[in-house]
Amino acid sequence: MITPNEHKAIEAEQVKAYFNDANYLNLSGFAVFALLVVVVHEETPNWIWAPALAVLFLITLYRAYLIWQYHRAPERRTSTQWSNSQALTGGSAGVCWGLANTAMLAHLPVKYQLFVLTVSGVVAAASASEGFSLAQPPRVFTIASLTPPAIFLFTVGNQLHTVLGVMLLLLIPITIALGNKKNLIFTEVLRLRFHNEFLVTELSRQHELLEAASKSKSRFLAAASHDLRQPLAALILFLEQLELEQQLSPKGRGVLAHALLSTSSLSSLLDGLLDISRLDGHAIKPKIRPFPIQKLFDELEEEFCPLASNKGLRLRFAPCSSIVESDIILAEQILRNLISNAIRYTHSGRILVGCRHRYGMLSIEVHDTGIGIAEDQFPKIFDEFYQVDNSERDRQQGLGLGLSIVDRAARLLGHSVTLTSQLGKGSAFIVTLPLANPGEVVEQAVTGVAPEAPELAGRLIAFIENEGNIRVGISDLLQSWGCRVVVADSAATMLEQLEAMDDAVEMVISDFGLSRSINGVEAIAVIRRRWGERLPALLFTGDISKETYMLARDADLPILYKPAKAEALREAITTALESGKLQEVRE
Ligand code: ADP
């Protein structure tokens, strides 16, 4: 269906195409008539050809003027008016041709008659063939120029002229049909072009809307999860400290265990949202390097074997000596999600993780003998929060984020994830990644003396945090590990306190959103400026925005997101202290 707007646009394009060639058609038409007169003028009286030549010359001039006007200001008339002007002048030229030729034919011997008829036929056919962009002008010219001579031929009364008359009459519809056909093809091409242009505009509009929706979703996720992370971080710390309390009654311990379970599922939901918002916001820049896949397998085996055997499942990793090109952290995250799903959705039998070489790539396959997935669910399970058969949203059955993280991470890395599954029999998730040359592995180990894991007891740690609850919670936690802690709500107060002490500070931990004038990255820089640029530091924040991530990355600062478990905080502190020690060893 052509809409009125599309119709107008098509008509305008047809007029434009016609007027682009119109001058050449117009002038060559007149030139052919003039040549024809040159050939026959001695055989025909002057009163026939002379006025015809003059009239045709005037029409040609007027048409040239119209064409010039169109090129100067096409908007002065509508497309229909321009088209009608050509039909009218084309028709007048046709009448002039037709009448002049007919009058000349009556005075010409047969061989000249044949010449004039041939030229007339060729000119009509050429006008239909070349001026096809508009259907009307060539149609009118053909009818007007060929009908009078055809009628004349029938009036002569001999066989030759009658046959010629029939041929000329037949030529009229054939020429018109040829012009119509070309015109229809041209119109269809234009219609498709406008339709495609419309589709492209509509598609980019939809794309912009989607982008905007996705950006506002990511902003909402980041803001909501930041506001939830802060209090949750404090809650986890307090509950973990309560757990160490000896005097709790058995009932109190039971309630505490439930409270810990609930905070842990809230915390993993926030972690999932964090991963999704960072992957969506391109806050994660993959570091593609060659690494041996066996290294990942060893770590995952150690992590998941106890979980599988607790459920009575056999989990086996087939040894693999291949080296792949990928980001080891994201690749591990993909496999971790696939393996934990395999364990979660398998009630008996086994899980096998192995590799296969395919067309120069490596496919890592996670097979299970679990409940399987119906084929119509295949695309849906990669959507956020989509779970098969968990309409009551039991958190123990997962959150529905694992596969959407797998999908996003794989897309970011350019790896493909495929799935085969049969309900009741099991599933196989296959991740395909590029192989690297064995020689390319970069040895991460540092030559020289490997530093020992640093001891936390006695360490002087500066902790900058503007939220009272978290300041108290973290400070208590650090003290419970034997650290000496200095807390402050700003970099300036922290500097004052540290100056007043005899000992040198050994590490600084800071929240990001401290005050309007200075953020955590800047606060750490202030402390480092006074206590050494190599001072181990950690940004401990609930702000998961891309901007914060970028600021920390540019300053080469490790980030730990709130809420974090005590264990994770301890590990982050140890790692930061270790890397400080490593730098000393290198220097
Ligand atoms: P969840 O946290 O629910 O596991 P995922 O996004 O990881 O969320 O998975 C989405 C859904 O896909 C799950 O609810 C489950 O129904 C299905 N699924 C994923 N992996 C498997 C598997 N190995 N076997 C059977 N079903 C699976």
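The values are calculated or read from the model by the stated rules, or taken from the named source; none is laboratory data. Please read all numbers here as calculations on a predicted model, not as lab measurements. Counting neighbours? That spans all protein chains shown, and the Cβs are built from the backbone with ideal geometry, glycine included. Ligands, DNA and RNA are stripped out before the accessible areas are found, and what is left, the full protein with its side chains, is counted by its heavy atoms. Shrake-Rupley method; radii C 1.70, N 1.55, O 1.52, S 1.80 Å.
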### Query
What order do TYR70, TYR112 take when sorted by accessible area (1.4 Å probe), most exposed first?
TYR112, TYR70
## Note on the structure
Output ordering of 94-102, 56-64 (per-residue mean of other Cβ within 10 Å, highest first) is 94-102, 56-64
### Query
P(r) for the stretch 167-276: what percent of alpha-carbon pairs falls in each 5 Å bin, starting at zero?
2, 9, 10, 9, 7, 7, 6, 6, 5, 5, 4, 4, 4, 4, 4, 3, 3, 3, 2, 2, 1, 1, 0, 0
## Note on the structure
Once ILE236, ILE151 are ranked on solvent-accessible area with the largest value leading and a 1.4 Å probe, the list reads ILE151, ILE236
### Query
When the Debye formula is applied to the Cα atoms of the chain, each taken as the same point scatterer, what base-10 log of I(q)/I(0) results at q = 0.05, 0.09 Å⁻¹?
-0.49, -0.81
### Task
Using per-residue counts of other Cβ atoms within 10 Å, averaged over each peptide, order 487-493, 131-137, 306-312 from highest down.
131-137, 487-493, 306-312
### Task
For the stretch 4-204, take the alpha-carbon Rg, divide it by the Kirkwood Rh, and send me Rg/Rh.
1.06
### Message
I need to check one value: relative contact order of the chain, counting alpha carbon pairs closer than 8 Å and at least 6 residues apart, in percent.
### Response
10
### Summary
Expressed in angstrom and rounded, the centroid-to-centroid distance over alpha carbons for the stretch 27-47 and the stretch 232-256 is 112
### Message
Give the list, by residue number, of cysteines in the chain with no other Cys Cβ closer than 4.7 Å, or say none.
### Response
CYS96, CYS305, CYS483
### Query
Roughly what % antiparallel, to the nearest 5, for the DSSP beta bridges in the chain?
60
### Message
So for the stretch 289-438, averaging the separation of alpha carbon pairs under 8 Å that are six or more residues apart and normalising by length, what relative contact order in percent results?
### Response
27
### Mean residue ellipticity (222 nm) of the chain, computed from DSSP H runs ≥ 4 via -39,500 (n - 2.57), nearest 500
-21500 deg cm²/dmol
### Query
Separation of the stretch 83-124 and the stretch 470-530 by C-alpha centroid, Å?
100
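With a 1.4 Å probe and all protein chains left in place, how much accessible area per residue does the stretch 4-204 have, in Å²?
The answer is 52 Å² per residue.
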### Solvent exposure, largest accessible area first (probe 1.4 Å, DNA, RNA and ligands not counted), of ASP554, ASP543
ASP554, ASP543
#### Entry: Tensor-based shape of the stretch 460-586 (alpha-carbon gyration tensor, a/c under 1.5 rounded, otherwise prolate or oblate)
rounded
### Projected area averaged over orientations for the stretch 91-133, convex hull of C-alpha atoms, nm²
3.0
### Query
Which of the lysines could be linked to LYS181 by a straight reach, that is with a Cα gap under 27 Å, when you skip same-chain ones fewer than 8 residues away?
LYS8, LYS16
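Can you tell me which of 364-373, 174-183, 499-508, 246-255 comes out highest on packing, and rank the rest after it, using the mean Cβ neighbours within 10 Å?
364-373, 174-183, 499-508, 246-255
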### Query
Which entries of LYS217/LYS295; LYS295/LYS565; LYS217/LYS287; LYS215/LYS295; LYS215/LYS380 show an alpha-carbon separation above 30 angstrom in the structure shown?
LYS217/LYS295; LYS215/LYS295
#### Entry: Separation of alpha-carbon centers, the stretch 196-212 and the stretch 366-387, rounded to whole Å
31
## Note on the structure
extent check for the stretch 289-438: Cα max minus min per principal axis, descending, whole Å, gives 48, 31, 24
### Task
Could you state how much accessible area ARG350 has, in square angstrom rounded to the nearest 10, with a 1.4 Å probe and all protein chains kept in place?
100
